[in-house]
Amino acid sequence: MKKDLTAKKCITVGARIGRPARISLEEIARITLKIGLDDVTMIAVGQALGVDHSSLYRYVKGRKDLLLAAADLAIAELDWRGNPANWYEFAQNVANSSWELFDRYPGLADAMRELEVSPPSGIRAFGEIANRFVEYGFSAEEAVVVLDSIFDMTMDCFTGWRRAYKPARIGDNSIEKVVKSWEAEAARNPDTARPILIMSRMMTDPPKEWWNRKLHLILEGAEAVFNKRQLIYEAAE
């Protein structure tokens, strides 16, 4: 009997000192991006990493931390700098990189709207981009307004169109119903029909086409500010 108890004790101790799987916050973030931010869960991430999901709590507190880590990694690896010839081209690079980031990781734009804090890499990138605008000749305040306008517009456009084009909505013809309601109002109101019909067309055109037109308006406004500042500099010389 004594021999049996000793054997059992050895088995128990051996199981307890087994080496746990080694994971890192970066691995957790990468798996979260791979799974997709719409439906990711702690259990799904744990299974993908080959560990019990309880092991993840050493690195993240829950789903929101998963989203934050994933967003932080995605932005950190974003190539937005390019080799621009001027500030306008630089702004286009930044804007297009933002759109492509949301397109590459479905659910990221929505997740960033949910987060209670901003990803650290996003804050650092914002500061670096703003400084580049200052180097081009904008004031710090102007740079922040331009960037905030670009990022807000891009995120709003992307999340809005993504919600509109979700398979469930397409299946029940929700978009078509909305468009028909606008067209019906245009028919009833000839005096305002033209802008109403333009808006109804926008709902069915490729999302990035209208995003580009909105970006163009923002950059044209920024260019007016930029040119005005250059005139002030020249007058002061």
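Filter the helices (runs of 4 or more DSSP H) completely within the range 111-190 down to those with at least 3 residues that are in contact with a Cys (Cβ under 6 Å, 6 or more places away or on another chain) and at pLDDT below 90.
So the answer is none; nothing clears 3.
Suppose we filter Arg104, Arg58 for residues that are over 14 Å from Thr32 (Cα atoms) and out of contact with any Asp or Glu (no Cβ under 9 Å at 6 or more places or on another chain); which single one remains?
Matching residue, one of Arg104, Arg58: Arg58.
Among the candidates Gly82, Gly107, which residue alone is surrounded by 14 or more Cβ atoms within 10 Å (Cβ to Cβ) and at positive phi?
Exactly one of Gly82, Gly107 is surrounded by 14 or more Cβ atoms within 10 Å (Cβ to Cβ) and at positive phi, namely Gly107.
Exactly one of (1) assigned to a helix (DSSP H, G or I); (2) closer than 14 Å to Phe151 by Cβ; (3) in contact with a helix residue (DSSP H, G or I) (Cβ under 9 Å, 6 or more places away or on another chain); (4) open to solvent by less than 70 Å² (accessible area, probe 1.4 Å) is unmet by Ala69. Its number?
It fails just one condition, (2).
So Ile43 fits all but one of (1) of a type outside the set (D, E, K, R); (2) in a helix (DSSP H, G or I); (3) modelled with pLDDT under 95; (4) open to solvent by 80 Å² or more (accessible area, probe 1.4 Å); what number is the exception?
Condition not satisfied by Ile43: (3).
The values are calculated or read from the model by the stated rules, or taken from the named source; none is laboratory data. Not measured: the values here are computed from a predicted model. When we count neighbours, we look across all protein chains shown, and the Cβ atoms used for this are built from the backbone with ideal geometry, even at glycine. Ligands, DNA and RNA are stripped out before the accessible areas are found, and what is left, the full protein with its side chains, is counted by its heavy atoms. Shrake-Rupley method; radii C 1.70, N 1.55, O 1.52, S 1.80 Å.
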